[in-house]
Amino acid sequence: NKQIILKDYVHGFPKESDFLFKTSSTIKLKLPDDSHDAVLVKNLYLSCDPYMCHRMRGVVFNYTPPFTPGSPINGYGVSRVVDSSHRSFSKGDLIWGITGWEEYSLITDTSSLFKIQDADLPLSYYTGLLGMPGITAYAGFYEVCSPKKDEIVFISAASGAVGQLVGQFAKLMGCYVVGSAGSKDKVDLLINKFGFDAAFNYKEEEDLNAALKRYFPDGIDIYFENVGGKMLDAVLLNMRLRGRIAVCGMISQYNLEEHEGVRNLFCLVTKRVRMEGFVVLDYYHLYPELLELVLPLIREGKLTYIEDIAQGLESGPAAFVGLFSGRNVGKQVVAVARE
Ligand code: NDP
């Protein structure tokens, strides 16, 4: 069984060398006879998600535990059940949920697992638009942003797993949508593939406030926050009266020893802006609604999803680390085994 192990808790930006690739010679493809409510799975796709960097640092949040150094890391993935002692899962079932970064995993906490019913779509989508990032985009946009037709929407890290979906949801609602991303290719994708009205490369803008004034002469009604830091400060100056900021993430801050200060928070008062953070785990009850919306759209070609698939478990650490330099174009996935 090949595994990706975290060597020790890290400081600063994660590096490939923080991980160890280990091969153990024995694989038992059968659960022990006394096993209860467990599944043994063959992992097909693993998801690289920014929040995993907190787990690498040993930070304790109330919704996700730290990784255990010396053990394989875990995260969202798509797997096939090889053996089961759980009444809801049978051998051969396809599932998505929390699994190990290894070829085969024994999952004893099955509470996060979903059985995949629609297997005609690419299975890797269950790490993205049909999985956790999809629920994040759906809940964050429809529930937290309280969007209305014709509103002006800004999304940062817009070409990523979550951002590309939020942008397309906002277009479906009839909003005016602008995204920021970190390369020319990503900006092209936003406009030509995802149908954003405009997009810009934030790395080429010396003055983010001036850039936002150019793209939003009338201000921003909704900001879907993925990056934090200087971008948030500039956005605050450009919000419209009674605007909303859904704080999904702040990736620019995750690996800093000390978070940057935000200077323009008083704009929340003067502009009567509502700024609300959210965690996807509180919105899993909306998963059926997400599927109801997106499955027909995908099948009709009205919703696009771009993935960046790294091949082989060995490529996992580099793929994950790449999230923090913007190496990924679209949802970063690791393909571990053939279906
Ligand atoms: P992405 O697929 O968007 O990948 C991360 C991207 O972030 C990179 O490609 C890069 O894009 C951008 N980025 C990296 N470093 C910086 C930086 N210093 N400044 C600006 N941009 C940066 O990731 P996801 O879509 O999976 O996640 C997007 C956000 O949503 C993250 O903040 C994540 O933590 C958050 N999230 C929150 C959840 C919740 O429950 N609240 C659930 C899931 C995700 P670029 O080239 O454009 O810079």
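The values are calculated or read from the model by the stated rules, or taken from the named source; none is laboratory data. Nothing here was measured: the structure is a model prediction, and the numbers come from that model. Note: ideal-geometry Cβ built from the backbone for every residue, glycine included; neighbour counts use all protein chains shown.
Points to keep in mind about this one:
- The range 25-57 - residue that is more than 20 Å from the chain's Cα centre (by Cα) and among the basic types (Lys, Arg) and, of those, nearest to Leu123 (Cα to Cα): Lys42
- Checking each residue in the range 237-269 for being closer than 16 Å to Cys145 by Cβ and in a helix (DSSP H, G or I) picks out only Leu268.
- Lone qualifier among Glu339, Glu289 - being assigned to a helix (DSSP H, G or I), charged (D, E, K, R) and in contact with a helix residue (DSSP H, G or I) (Cβ under 8 Å, 6 or more places away or on another chain): Glu289
- Cβ-Cβ under 7 Å pairs, at least 6 apart or on other chains, the range 189-201 side in contact (Cβ under 8 Å) with a residue 24 or more places away in the chain and under 18 Å from Glu307 (Cβ atoms), far side crowded, with 22+ Cβ neighbours inside 10 Å and aliphatic (A, V, I, L, M): Leu190/Ala158; Leu190/Ala181; Leu190/Ala199
- Members of the range 234-252 found to be more than 16 Å from the ligand (Cβ to nearest atom) and at negative phi, listed by number: Leu236, Leu237, Asn238, Met239, Arg240, Leu241, Gly243
- Matching residues in the range 14-24 - criterion: being at pLDDT 90 or above and over 28 Å from the mean Cα position of the chain (by Cα): Thr23
- Of Val60, Val41, Val78, Val10, all but one fail to be more than 30 Å from Gln253 (Cα to Cα), more than 14 Å from the ligand (Cβ to nearest atom) and of a type outside the set (Ser, Thr, Tyr); the exception is Val41.
- Hey, Lys115 more than 28 Å from Ser24 (Cβ to Cβ) and either at pLDDT 95 or above or surrounded by fewer than 17 Cβ atoms within 10 Å (Cβ to Cβ) (or both) or not: yes
Conditions tested, residue by residue: (1) under 25 Å from Ala310 (Cβ atoms); (2) modelled with pLDDT of 95 or more.
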site: Thr26; (1), (2): no, no
site: Asn43; (1), (2): yes, yes
site: Ser47; (1), (2): yes, yes
site: Thr68; (1), (2): yes, yes
site: Tyr76; (1), (2): yes, yes
site: Val82; (1), (2): yes, yes
site: Ser88; (1), (2): no, yes
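- Residues of the range 276-292 classified as under 9 Å from Gly140 (Cα atoms) and more than 12 Å from the ligand (Cβ to nearest atom), total: 0
- Residue pairs meeting the criteria (Cβ under 8 Å; at least 6 apart or on separate chains; first in contact (Cβ under 8 Å) with a residue 60 or more places away in the chain and on the phi < 0 side of the Ramachandran plot, in the range 43-64; second of a type in the set (D, E, K, R) and crowded, with 20+ Cβ neighbours inside 10 Å): Asn43/Glu102; Ser47/Lys331
- Residue match in the range 253-273 (condition: out of contact with any Lys or Arg (no Cβ under 6 Å at 6 or more places or on another chain), touching a residue at least 24 places away in the same chain (Cβ under 8 Å), under 18 Å from Gly140 (Cα atoms) and not basic (Lys, Arg)): yes
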